[in-house]
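Working notes for the structure below.
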Amino acid sequence: MALTLPLALGAGFATAPAVNAADPPPAEAVSAVTVRVDPSYQQQEFEGWGTSLVWFANVTGGYPDPIRRQLVDLLFGRDGLRLNIARYNIGGGNAPDVRKDYMKTGATMEGFWKAPEGTTREDMDWWDPADPDHWNWSADANQRWWIDQIKGKVTRWEAFSNSPPWFQTVSGYVSGGFDASADQIRADRVDDFAAYLVKVTEHLEKEHRVDFDTIAPLNEPNTPYWGTQLGADGQPTGGRQEGAHAGPALQQKVVLALRRALTGAKTHATVSAMDETNPKIFTDNWNAYDATTRAAVDQLNVHTYGTAQRTSARDGAKGTGKKLWMSEVEGTWGTGTDFTSMEPGLGIATRMVGDIRELEPSAWVFWQPVEDSVPQAAAGKNWGSIHIPFNCTADATPQTCPIRTNTKFHTIRNFTHYIRPGDRFVRTDDASSVAAVKKSGTGATVVHVNEGTTARTVTLDLSRFRRVAPGATVTPVVTSDAGALVSGEPVRVTGRSATLTVPARSVTTFRVSGVSGTARDASLVRPGHVYRLQGVQSGKSLAPNDDATGLVIRTTDTAADAQRWSVRKLTHGNGNRERYGIVHTATGKRLAVREGTAVLEDPASVPAGREAQWIMSTTGDGTWTFVNAATGRLLDVAGHATADGARVTTWTPTSGANQRWTVTDETPPRA
């Protein structure tokens, strides 16, 4: 199933028939799952799929035209990945006298500065951003070649930095400090660093006629990843790429400096931050920011090289009203660089499903879909979905510089071809599936990953749509060991559901036609209903404390009126950021946050405000978090306690079970 170029794009794809979804399951044992698609909980409008350019563009932008244009088609073309977001790396660049070959192939980026003749690494204070002689606008030609090739297909641009130029670092090297855990960006040069990023962005916009939406000045800053080692001759011998450690205090200085530099700038780009390596460290950093710095950030960026606390990043973004990008990830799944095994394809598909369900990002961006085939093969890894040697010469041909794709390339297209910008991801109750409704309002897409070794029957429950047309159908598009993106026969929707069988070790896109709207009874929260809020960790129910001014958990008593609540939607829509009011049904008191503590207050004596508004979040697993709209803090059982009468307060997001609640409708039936 590998695609080896040169071939006409798509010509190398297997065309074996898909499992006929209309046929009964085969005789051998199959698993079964029902996927309930719920448009009453919709994520923000999806901005699309993207990639960072950086290393692969730095290398391949200088390749012979037939090779580099094939790569453009594979990433941004209609039969390729159909990406529409690009992140351009503003390189820092080492001093002129520093060796160019100690970092990974492609990772030695050119800076846009121009040093006076004879400048060495020891010269750290020569640069003046106002001096036109200190700029080199011909730098980074290869990555900039990519801008011109893809700008007609890219709808959102982000500029990002891995490190400032060498003269704005502590060590004097863009590959990191001699102590990889010590701050590397010079605190006395943050304004110059911000000026550098803004001036380069302005120039790129003017020269290439593109508009950048955001600038990200930091990359995985609060990690020990970025370090430089020197040899006996004083030249660096270690340091894999540009990178700069920055703790939360320094991060805030950089963010605020960039905000100042953008004031009155010619670019309309805004600030994104902080592109941390995983949601946990991202959340720790964000919680350390003060209110002024938080206000200076317009877009939150997080990577998912670790997946713990994805829901913390989600709820943190909701609590501040900012959009969230999954702005970088890649990795190796399975073993070796096998171009036919489904393991890599299943691995990346599972990561995409998990990120979309738990992070709820408005964009999802790859690190490097194009990887250097030589070190990947030597290390037995499969980073990237497209492999090409990074040492091809100026006279290379598609035969001497071959391009190959692994199964990631195919399973990624199960998402990117059928879920497009403007669509909205919606809730499903199956952890192996994501679903989206079309921008047009009619039609839906479900992507399901079957990692098992047997076939699986998948029933799509479409009952939560307001309208299911008489001619509604579900068409499967299957990537498996038998072929890539193989379309099956449409299956008729009957009784507001459809059942199909998918192969073992497969990723299947279900294209659903003829569905629209949201059923009146689809939403969990409905006017006039009462609910029980039961703690996931304790199994006990939310109730007032003894004087009805605060909250506790009580042993669940289905007959106790004190454990029932009215949950009323305050905004109009089906979005994942709608606001809700929570009122104790027996006392009429309203749940709010005052001075960081959850309280019950008399609505008649306290003015309503965001302190009494809550945002409900779920992954579709039947549990919810409640995010306070004023503070961003979550309803939380203090100290993870489980005893009867344990205090309930609010806390910053932790993804802990003490912050999750089941919400059960206990409205008495009408006579």
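Here are a few things to note about the model shown:
- Every residue from the range 539-575 that is open to solvent by less than 30 Å² (accessible area, probe 1.4 Å) and polar (S, T, N, Q): SER541, GLN563
- Considering ARG310, ARG294, the condition of being at pLDDT 95 or above, touching a Ser or Thr at 6+ places or on another chain (Cβ under 8 Å), charged (D, E, K, R) and more than 21 Å from ASP213 (Cα to Cα) is satisfied by ARG310 alone.
- Residues of the range 122-137 classified as charged (D, E, K, R) and part of a helix (DSSP H, G or I), total: 1
- Residue tally, condition open to solvent by less than 30 Å² (accessible area, probe 1.4 Å) and under 16 Å from ARG260 (Cβ atoms), over the range 194-213: 6
- Within the range 490-516, the residues that satisfy the criterion of being charged (D, E, K, R) and either within 16 Å of VAL446 (Cα to Cα) or assigned to a strand (DSSP E or B) (or both) are ARG492, ARG496, ARG511.
- Only one of the numbered conditions (1) open to solvent by 10 Å² or more (accessible area, probe 1.4 Å); (2) more than 26 Å from SER480 (Cα to Cα) is not met by ARG351, and that is (2).
- Residue count for the range 523-538 satisfying the condition of being modelled with pLDDT under 95 and either among the hydrophobic types (A, V, I, L, M, F, W, C) or open to solvent by less than 30 Å² (accessible area, probe 1.4 Å) (or both): 3.
- Criterion (over 25 Å from GLY573 (Cα atoms) and open to solvent by less than 30 Å² (accessible area, probe 1.4 Å)) met by exactly one of VAL437, VAL474: VAL474
- Test: residue in the range 329-347 that is in contact with a Pro (Cβ under 7 Å, 6 or more places away or on another chain) and open to solvent by less than 20 Å² (accessible area, probe 1.4 Å): no
- Residues satisfying the criterion are present in the range 141-164 (criterion: closer than 22 Å to GLY234 by Cα, under 30 Å from the mean Cα position of the chain (by Cα) and among the polar types (S, T, N, Q)).
- Spans of strands (runs of 3 or more DSSP E) in the range 391-439 with at least 3 residues in contact with an Asp or Glu (Cβ under 9 Å, 6 or more places away or on another chain): 424-428, 433-437
- Qualifying residue in the range 239-258 (condition: assigned to a strand (DSSP E or B) and crowded, with 22+ Cβ neighbours inside 10 Å): no
- Wholly within the range 598-671, strands (runs of 3 or more DSSP E) carrying at least 2 residues that are open to solvent by 10 Å² or more (accessible area, probe 1.4 Å): 623-628, 647-651, 661-665
- First in the range 350-372 and of a type in the set (Ser, Thr, Tyr), second anywhere and part of a loop (DSSP other than H, G, I, E, B) and open to solvent by 10 Å² or more (accessible area, probe 1.4 Å), Cβ under 9 Å, 6 or more apart: THR350/TRP333; THR350/SER432; THR350/GLU451; SER362/GLN43; SER362/GLN44; SER362/GLU45; SER362/GLU47
- Count of residues meeting criterion [open to solvent by less than 30 Å² (accessible area, probe 1.4 Å) and touching a residue at least 60 places away in the same chain (Cβ under 8 Å)] in the range 314-324: 5
The values are calculated or read from the model by the stated rules, or taken from the named source; none is laboratory data. These figures come from a predicted structure and were not determined experimentally. FYI the Cβ positions are ideal-geometry reconstructions off the backbone, even for glycines, and counts take in every protein chain you see. Accessible surface is based on the protein model in full, side chains and every heavy atom, while ligands, DNA and RNA are left aside. Shrake-Rupley method; radii C 1.70, N 1.55, O 1.52, S 1.80 Å.
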